[in-house]
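Written out below as structure tokens is the structure these notes cover.
Readers should treat all values here as calculations from the given coordinates under stated rules, not as data from a laboratory. These numbers come from a predicted model, not from an experiment. A quick note on method: Cβ atoms are made from the backbone with ideal geometry, for glycine too, and the neighbour counts reach across all protein chains shown.
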Amino acid sequence: MHVTKGRIRNLLAGLLALAVIFLGLDETRSVDESAAGSTSSPAAQQGEQLPDLVAGTQVRGSGIVERILSDDNDGSRHQRFILRLASGQTLLVAHNIDLAARVARLKIGDTIEFNGEFETNSQGGVIHWTHHDPRGQHVDGWLKHAGRTYQ
């Protein structure tokens, strides 16, 4: 078996996520002060930067679609796009379209609300697990766009 940097990174992220869950630290944190109904820390209300969060943390917020990327078809298929948060930070959203419907009619400039798991990367971060967990072992995530919830 060939071990790549991506596989090692995914394994480490998975182990960290398990540690967070095991230690009872898996709470949803708001990452954008405009997220309606969120309970957030004072840091989050001041435009908290996601890289300061622990990888594997469940986060909720919103952003503006800055770029739409091609689907990732390696393994589980993911719809991918870049969001810009109110703080100016950008995030990659990797939405599993094998488990949830594709976000329809997505355009640059659209607002997307998200609830998913944060992972760090060199470009600012990734939000994934934006769908239900068919095994019931992970916090269900979602995306909201144009009045519709995708999970």
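Residues of segment 92-144 being of a type in the set (Lys, Arg) and under 14 Å from residue 72 (Cβ atoms), which ones? If the condition is that a residue be of a type in the set (Lys, Arg) and under 14 Å from residue 72 (Cβ atoms), then 102 is the only one that fits. Taking first residues from segment 67-95 that are free of Cβ contacts under 8 Å to residues at least 24 places away in the same chain and partners that are among the basic types (Lys, Arg) and surrounded by 14 or more Cβ atoms within 10 Å (Cβ to Cβ), the Cβ contacts under 8 Å between residues at least 6 apart in sequence or on separate chains come to 69/80; 70/80; 72/80. You will find that of 125, 136, 116, 63, the residue that is touching a residue at least 40 places away in the same chain (Cβ under 8 Å), on the phi > 0 side of the Ramachandran plot and not aliphatic (A, V, I, L, M) is 125 and no other. Filtered by the rule that a residue be closer than 15 Å to residue 81 by Cα and either surrounded by fewer than 19 Cβ atoms within 10 Å (Cβ to Cβ) or in contact with a Pro (Cβ under 7 Å, 6 or more places away or on another chain) (or both), segment 133-151 gives 142, 144, 145. Could you check, for segment 86-95, whether at least one of its residues is among the aliphatic types (A, V, I, L, M) and surrounded by fewer than 14 Cβ atoms within 10 Å (Cβ to Cβ)? The answer is no; no qualifying residue exists.
Restricting attention to segment 125-134, does a residue exist that is within 18 Å of residue 71 (Cα to Cα) and polar (S, T, N, Q)? Among the residues of segment 125-134, at least one is within 18 Å of residue 71 (Cα to Cα) and polar (S, T, N, Q), which makes the answer yes.
Do the conditions hold for residue 130, that is, is it within 17 Å of residue 58 (Cβ to Cβ), surrounded by 17 or more Cβ atoms within 10 Å (Cβ to Cβ) and out of contact with any strand residue (DSSP E or B) (no Cβ under 7 Å at 6 or more places or on another chain)? The answer is no for residue 130. Any residue at all in segment 116-129 that's closer than 13 Å to residue 82 by Cα, outside any strand (DSSP E or B) and in contact with a Phe, Trp or Tyr (Cβ under 8 Å, 6 or more places away or on another chain)? There is at least one residue in segment 116-129 that is closer than 13 Å to residue 82 by Cα, outside any strand (DSSP E or B) and in contact with a Phe, Trp or Tyr (Cβ under 8 Å, 6 or more places away or on another chain). Checked against (1) at negative phi; (2) surrounded by fewer than 18 Cβ atoms within 10 Å (Cβ to Cβ), residue 75 meets all criteria but (1).
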